[in-house]
Amino acid sequence: MKSEERKRKFLLASTGGSGCGYLLRYFYHLLSVKGETHWIASENFFHVLKQEFSLDWQNINANEISRNISTFFNEKPSAEQNHSFKIYDHKNIKANPASGTSNYEAMIILPCSMKTLASIASGVAANLIDRAADVALKEKRKLILVVRETPYNLIHIENMKKVTLAGGVILPASPGFYHHPKSVNDIYDFIVDRIFRQIGIDKTLVSYEE
């Protein structure tokens, strides 16, 4: 059975790092994957999203995500929509993602700011995103941090080392170009493809053949 044929359940968080386009493209390709995603976004994420794409998602509800994504890319997903969403307030530290009994397959932070990285590396659960990441690590679930910063200073690197040693995956938003991208979406897809490979979604987004 292919991985996308069974219902998947993921936890997704978005913070104030630049690179919101990676998240939008991730949402777009996720629409045809059978399953559900529970999403937590910080206030800084919404500020950056508005600055980068003039999108005001501050009060978006779960049912509007699919329509907004299809409208943004001016096209429907390549397959029938099979994915549903639920949104949590990042300030609600008592929500389901904060509990070790939550049953997410993986948690992805996309994009992941250096502030969020530092909080996770230090074990500081100041909000639901930090706490959920802490839970993922302690429960030995996959935690993927799509960090976006350049250049890195030594503190950033040491924090990445701490998270890696604790079991997390550092997946920088550093796309390759050997797939000959013809658009910015092709560049986003390179990173989304890498995320999908990490969480076991069998969906080819990038061809590496000549």
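Candidates in the stretch 163-180 are the residues that are over 20 Å from the mean Cα position of the chain (by Cα) and surrounded by fewer than 17 Cβ atoms within 10 Å (Cβ to Cβ); of these, the one that is nearest to Ile109 (Cα to Cα) is Leu165.
Residue under question is Asp89, and the condition is that it be surrounded by fewer than 21 Cβ atoms within 10 Å (Cβ to Cβ), without any contact (Cβ under 8 Å) to a residue 60 or more places away in the chain and under 14 Å from Ala13 (Cβ atoms); does it hold? Here the answer is yes, as Asp89 does meet what is asked.
This table checks each residue for (1) assigned to a helix (DSSP H, G or I); (2) of a type in the set (S, T, N, Q); (3) within 21 Å of Leu23 (Cα to Cα).
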{"site": "Tyr104", "(1), (2), (3)": "no, no, yes"}
{"site": "Pro111", "(1), (2), (3)": "no, no, yes"}
{"site": "Lys115", "(1), (2), (3)": "yes, no, yes"}
{"site": "Ala126", "(1), (2), (3)": "no, no, no"}
{"site": "Leu137", "(1), (2), (3)": "yes, no, no"}
{"site": "Ile157", "(1), (2), (3)": "yes, no, no"}
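Contact map, the stretch 140-160: first residue buried (at least 17 other Cβ atoms within 10 Å of the Cβ), second residue among the hydroxyl-bearing types (Ser, Thr, Tyr), Cβ cut-off under 6 Å, separation 6 or more or different chains; pairs are Arg148/Ser18.
Listed by first and then second residue, the pairs with beta-carbon distance under 9 Å, at least 6 apart or on different chains, first residue in the stretch 27-42 and assigned to a loop (DSSP other than H, G, I, E, B), second crowded, with 22+ Cβ neighbours inside 10 Å and among the polar types (S, T, N, Q), are Ser42/Ser14; Ser42/Thr15; Ser42/Ser113; Ser42/Thr116. Contact annotation: residue pairs with Cβ atoms under 9 Å, 6 or more positions apart or on different chains, pairing a residue in the stretch 170-192 that is polar (S, T, N, Q) with a partner that is part of a loop (DSSP other than H, G, I, E, B) and surrounded by 12 or more Cβ atoms within 10 Å (Cβ to Cβ), are Ser174/Arg148. Regarding the stretch 158-165, can at least one residue be identified that is hydrophobic (A, V, I, L, M, F, W, C) and out of contact with any strand residue (DSSP E or B) (no Cβ under 8 Å at 6 or more places or on another chain)? Yes, because at least one residue in the stretch 158-165 is hydrophobic (A, V, I, L, M, F, W, C) and out of contact with any strand residue (DSSP E or B) (no Cβ under 8 Å at 6 or more places or on another chain).
Taking the listed residues Gln81, Gln58, the one that is assigned to a loop (DSSP other than H, G, I, E, B), among the polar types (S, T, N, Q) and under 18 Å from the mean Cα position of the chain (by Cα) is Gln58, with no other qualifying. Report whether or not Val163 is under 15 Å from Lys115 (Cα atoms), in contact (Cβ under 8 Å) with a residue 24 or more places away in the chain and touching a Cys at 6+ places or on another chain (Cβ under 6 Å). Judged against the criteria, Val163 is not a match. Answer yes or no as to whether Leu24 is of a type outside the set (Asp, Glu), within 11 Å of the chain's Cα centre (by Cα) and part of a strand (DSSP E or B). Judged against the criteria, Leu24 is not a match.
Every read-out reported here was derived from the displayed coordinates using simple, explicitly stated rules and does not represent laboratory data. Only a predicted model underlies this, so the values are computations on that prediction, with no experimental measurement involved. Positions of Cβ are backbone-derived with ideal geometry, glycine not excepted, and every protein chain shown enters the neighbour counts.
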